[in-house]
Every structure is written in structure tokens, then in C-alpha cells.
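Chemist: Pasting in a structure now, in C-alpha cells, and then I'll have a few things to ask.
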Amino acid sequence: MATLPVFNRSGAEVGKYEIDPAEIAPKISQQLLHDVVVMYQANLRQGTHRTKGRGEVAGSTKKMYRQKGTGNARAGSRRSGVRRGGGHIFALRPRDYSYRLPRKAVQAATRMAIAHKLNQNSVVVIDELSMAAPKTKEVATILKTLGLAGASTLVTTAGLDVNVYKSARNIDKVTVSPVADLNALSVLMPRKMLVTKAALDAIKTRAKG
């Protein structure tokens, strides 16, 4: 059981929050986390690379010199992949790198990533983070007060909060995500997680469900 201090916007401790990482994920599989992270990274690849084969580069197709009698190895077209300016022997073509692992495995990996952050004491809890209008300066001040300035941070809210998102999206190394959109890559990439009490409640509820 982990007991996390709960802070307000001014950085003062206003309570405690008890959460058991084992309730979120009974065990943490490094192999599953690796597989899911690699899947997300592969899905982010554009796959728009392309190089020319020997049939696409400029150059004559005439045999460079006669077959025998020169003392050199046999040579064909100047477009050959073994010659400078020739085509690529294994030319790259646009391709789709995306693939999907089973849904339950992906969901389990998300819970494992959150439990890992809890075990590493990388989760900071704030009592609430709502705001009436987008205020980047206000969110930056909160992060500085909580000791998160300059650190890569994932701000997690219970639901989609447009004002919080707009306030934090221009801050370097800060990302914002509601609980429903969390995944293993988004949780593991940043060093810290700033989580509201309501978001932790939602995480516990989804883990039990």
C-alpha cells in the first residue's frame, strides 16, 4: 500500500491518498511493457521512405566493357547497385509498419505502466486542477510550485478538460491526457505524472472493472 501526499495549487499538503499498486496491476511484466511500447512506436512511423532501384536511376544500360580480356571482373550496366551512382540493391518502398496486439494485453500494459510509476514514486497528486479559462502561466506556476518545472510530465485528469489541455500544451515536455486515453507509452515516456484525486479514483475504478 502506497500513501501519497495530496497537494493543492500552492504546494501545501492538504491530505493523503492511499493506493495499492497491486490493485492496479498484480504483477508487472517487463516483456509485455516492451512489446506494447514497441507496437505504439511502430504505429507512429510514417513509412514514407523510398529509394531508387537500378531500373529507376539515370544512366546507360550498355555493358561498360567487354566480357573478357580486360583483366577486370565482369561488369554490366552502370546502374548496378555495386557501383557509385547505381540503384539500391534492396530499394526501400513505402510501407505500413502498424500492427495491433490483443486489446486485453494492451489494457494490462497500461495498468502495469501506472503501477510502475507508483512503485518508482514518480506520481504527484493534486487535489484539483480545473480552471475557468486557458491560462498557461497558471499551469506553469503550479508545476514549478510542485517541483515539476523542467521535468517531462504527464498531466492526467479524470475526463477531458479543454481548458487544462490548452493551458499546458505549449509548455515544454508537458503532455495532458484524460484517464481514458492513457496508454503504456504515454505513461512511461515522461519522468513524472501529475494526477488529480479524481483521476486516481477513475484509474482505480477502471482497474477493478
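Chemist: Just to be sure I understand: of the beta bridges DSSP finds with both ends in the chain, what percent are antiparallel, rounded to 5?
Modeler: Here the antiparallel bridges make up roughly 30 percent for the chain.
Chemist: If we sort 37-48, 64-75 on the protection proxy, mean other Cβ atoms within 10 Å, highest first, what's the order? Mind dumping the intermediate values first?
Modeler: Details: 37-48: 13.2, 64-75: 9.6.
Packing order, densest peptide first, comes out as 37-48, 64-75.
Chemist: For the chain, give the percent of accessible area contributed by carbon and sulfur heavy atoms, probe 1.4 Å, rounded to a whole number.
Modeler: Carbon and sulfur: 50 percent of the exposed surface of the chain.
Chemist: Rounded to whole Hz and in sequence order, give me ³J(HN,Hα) for the range 82-92 from the Karplus expression 6.51 cos²θ - 1.76 cosθ + 1.60, θ = phi - 60°, writing x for Gly and Pro.
Modeler: Karplus values, whole Hz, x for Gly and Pro: 8, 10, 4, x, x, x, 6, 5, 10, 5, 6.
Chemist: Which one of ARG169, ARG111, ARG78 has the biggest mean-square fluctuation once the chain is modelled by GNM with Cα springs under 10 Å?
Modeler: Comparing ARG169, ARG111, ARG78 in the GNM, the peak value goes to ARG78.
Chemist: Would you mind telling me which residue in PRO21, PRO134, PRO102 has the biggest mean-square fluctuation in a Gaussian network model of the chain, where springs connect alpha carbons within a distance under 10 angstrom?
Modeler: PRO102
Chemist: Hey, another quick one. Rounded to whole Hz and in sequence order, give me ³J(HN,Hα) for the range 49-60 from the Karplus expression 6.51 cos²θ - 1.76 cosθ + 1.60, θ = phi - 60°, writing x for Gly and Pro.
Modeler: With the stated coefficients, the range 49-60 comes to 5, 7, 10, 8, x, 5, x, 10, 7, 6, x, 6 Hz.
Chemist: I would also like to ask the following. Enter the angle in degrees (range 0 to 90, nearest 10) between the Cα long axis of helix 103-119 and the first principal axis of the Cα atoms of the chain, meaning the one along which they spread out most.
Modeler: 60 degrees
Chemist: Just need the Rg to Rh number for the range 64-185, please, alpha carbons only, Kirkwood Rh.
Modeler: We get a ratio of 1.40 for the range 64-185.
Chemist: Follow-up. Once amide H atoms are placed 1.01 Å from N in the peptide plane, what residues at a sequence separation of 5 or more from LEU4, or on another chain, have their amide H within under 5 Å of its amide H?
Modeler: TYR17, GLU18, ILE19
Chemist: Which shape class, rounded, prolate or oblate, goes with the range 25-79 when its Cα gyration tensor gives a ≥ b ≥ c as root eigenvalues, a/c under 1.5 marks rounded, and past that a/b bigger than b/c marks prolate?
Modeler: It is oblate, given that a/c is not under 1.5 and a/b is not larger than b/c.
Chemist: Go ahead and estimate [θ] at 222 nm for the chain from helices alone: -39,500 (n - 2.57) per DSSP H run with n ≥ 4, summed, over the residue count, rounded to 500.
Modeler: For the chain, the value works out to -10000 deg cm²/dmol.
Chemist: With every protein chain present, what accessible area does HIS116 have (1.4 Å probe, heavy atoms only), rounded to the nearest 10 Å²?
Modeler: HIS116 exposes around 60 Å² with every protein chain in place.
Chemist: Name the most mobile residue of GLY59, GLY147, GLY159, meaning the one with the largest mean-square fluctuation, in a Gaussian network model of the chain with Cα contacts below 10 Å.
Modeler: Top of the fluctuation ranking is GLY59.
Chemist: Let me ask another. Residues of the chain: accessible area per residue at 1.4 Å, in Å²?
Modeler: Roughly 61 Å² per residue, with all protein chains present.
Chemist: Give the residue from ASN72, VAL106, GLY59 lying farthest towards the positive end of the charge dipole for the chain; charges sit on Cβ (+1 for Lys and Arg, -1 for Asp and Glu) and the dipole is referred to the Cα centre.
Modeler: Checking the options against the dipole of the chain, the answer is ASN72.
Chemist: Which order do the peptides 176-187, 3-14 take when ranked by the mean count of other beta-carbon atoms within 10 Å per residue, highest first?
Modeler: Details: 176-187: 18.6, 3-14: 13.5.
Final packing ranking: 176-187, 3-14.
Chemist: What list of ³J(HN,Hα) couplings, whole Hz, do you get for the range 150-167 from phi and the Karplus terms 6.51, -1.76, 1.60, once you set θ to phi - 60° and write x for glycine and proline?
Modeler: x, 8, 5, 9, 9, 8, 10, 10, 5, x, 5, 10, 4, 5, 5, 4, 5, 6
Chemist: Rounded to the nearest 10 degrees, what's the angle between the helix 30-44 long axis and the longest principal axis of the chain, both from Cα atoms, 0 to 90?
Modeler: Taking the Cα atoms of the chain, the angle to 30-44 is about 60 degrees.
Chemist: Which of the three applies to the range 94-136, rounded, prolate or oblate, going by the alpha-carbon gyration tensor with a ≥ b ≥ c and a/c under 1.5 meaning rounded?
Modeler: oblate
Chemist: Separate question: Sequence gap at least 6, Cα distance under 8 Å: using those rules, report the relative contact order of the range 1-60 to the nearest whole percent.
Modeler: Taking the mean separation of contacting Cα pairs over the length of the range 1-60, I get 21 percent.
Chemist: For helix 136-145, what angle does its Cα long axis make with the longest principal axis of the chain, in degrees from 0 to 90 and rounded to 10?
Modeler: Orientation of helix 136-145: about 70 degrees from the principal axis.
Chemist: Please report, in debye to the nearest 20, how large the charge dipole of the range 1-103 is about its Cα centre when each Lys and Arg carries +1 at its beta carbon and each Asp and Glu carries -1 there.
Modeler: 1900 debye
Chemist: Any idea how far the Cα center of the range 30-55 sits from the one of the range 90-130, in Å?
Modeler: 16 Å
Chemist: Got a number for the accessible area of ASP172? Probe 1.4 Å, square angstrom, nearest 10.
Modeler: We get 120 Å² for ASP172.
Chemist: Report which label in (1) 17.3, 51; (2) 17.9, 63; (3) 26.6, 91 holds the value of Rg and Dmax of the Cα atoms in Å derived from the coordinates of this structure.
Modeler: (3)
The values are calculated or read from the model by the stated rules, or taken from the named source; none is laboratory data. As the structure is a computational prediction, the values presented were derived from the model and not from experiment. Positions of Cβ are backbone-derived with ideal geometry, glycine not excepted, and every protein chain shown enters the neighbour counts. Just the protein is used for accessible areas: all its heavy atoms, side chains included, with ligands, DNA and RNA removed. Shrake-Rupley method; radii C 1.70, N 1.55, O 1.52, S 1.80 Å.
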